[in-house]
Amino acid sequence: MTELGPVAWPPAPIRTERLVLREPEARDRAAVIELLASPEVGTYLGGPRPRDELERAMPGAPSRRPGLFIVDLDGAMIGQITLTRETGHLRQAAGKAELGYLFLPEAWGCGYAAEACAAALNWFAGALPGEPVALATQTANVRSMRLAAKLGFIEVERFEAYGAEQWFAVWSPVTPNH
């Protein structure tokens, strides 16, 4: 199940200081293919997907689906964020919403992922108050673990899956004391 539940989708575009989180559009096709075919991006995801396979699988605009945000910088896609209900790939995340993020290598190291993910989590906390969000990444992906910690994810456990040690963490929205 990838639905988020009783959430109106798509939300209005989410604006941050430098970015816009929005639905995919036809103009994003080339950047989405570049993202999924990138050897750097695929390092901890089982490798890049073959470009010709991606071209065939995405003849037009990238698919729109609940929980998928395109991260837009000055009118160009630099990454994507997903907030989806766990798909069954990890027992640890069963039933939880899960955060995923992929950014083009040229956007790495600029703080865009932290800015965009914080905005997406803030939106999620407003849409589904009090619901935690899970995240899993390989422990070898130090940058991803550092980003998750910066966003407030707390490590729950480490385990072996997909031939590598995984880091599993959970984020809980801060509820104001009234």
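A few remarks follow.
- Odd one out for residue 112 among (1) open to solvent by 20 Å² or more (accessible area, probe 1.4 Å); (2) closer than 18 Å to residue 32 by Cα; (3) at pLDDT below 95: (3)
- Candidate set: the stretch 141-178, residues that are polar (S, T, N, Q) and more than 25 Å from residue 39 (Cβ to Cβ); chosen: the one modelled with the lowest pLDDT: 177
- Applying the condition of being open to solvent by 10 Å² or more (accessible area, probe 1.4 Å) and at pLDDT below 95 to the stretch 69-89 and asking which residue is nearest to residue 20 (Cα to Cα) yields 82.
- Any hit, the stretch 93-101, residues being closer than 22 Å to residue 5 by Cα, in contact with a Gly (Cβ under 8 Å, 6 or more places away or on another chain) and open to solvent by 30 Å² or more (accessible area, probe 1.4 Å): yes
- In the stretch 132-178, the residue that is nearest to residue 99 (Cα to Cα) out of those that are small (Gly, Ala, Ser) and part of a strand (DSSP E or B) is 134.
- Residue check for residue 28: at pLDDT 95 or above and farther than 26 Å from residue 152 by Cα: yes
- Residues that are in a helix (DSSP H, G or I) and either at pLDDT 95 or above or open to solvent by 20 Å² or more (accessible area, probe 1.4 Å) (or both), drawn from the stretch 115-131: 115, 116, 117, 118, 119, 120, 121, 122, 123, 125, 126, 127
- Of the criteria (1) over 24 Å from residue 7 (Cβ atoms); (2) modelled with pLDDT under 95; (3) within 14 Å of the chain's Cα centre (by Cα), which one residue 104 fails: (2)
- Count of the stretch 125-168 residues which are within 29 Å of residue 12 (Cβ to Cβ) and free of Cβ contacts under 8 Å to residues at least 60 places away in the same chain: 15
- Boolean, residue 45 is closer than 22 Å to residue 145 by Cβ, open to solvent by less than 20 Å² (accessible area, probe 1.4 Å) and under 16 Å from the mean Cα position of the chain (by Cα): no
- Residue within the stretch 9-27 that is small (Gly, Ala, Ser), buried (at least 17 other Cβ atoms within 10 Å of the Cβ) and part of a helix (DSSP H, G or I) present: no
- Test set (1) charged (D, E, K, R); (2) at pLDDT 90 or above; (3) under 16 Å from the mean Cα position of the chain (by Cα) - residue 65 fails condition number: (2)
The values are calculated or read from the model by the stated rules, or taken from the named source; none is laboratory data. This one's a predicted model, so the numbers in the text were calculated from it and none came from an experiment. Note that each Cβ is placed from the backbone with ideal geometry, even for glycine, and that neighbours are counted across all protein chains shown. All accessible areas refer to the heavy atoms of the entire protein, side chains included, with ligands and DNA or RNA removed. Shrake-Rupley method; radii C 1.70, N 1.55, O 1.52, S 1.80 Å.
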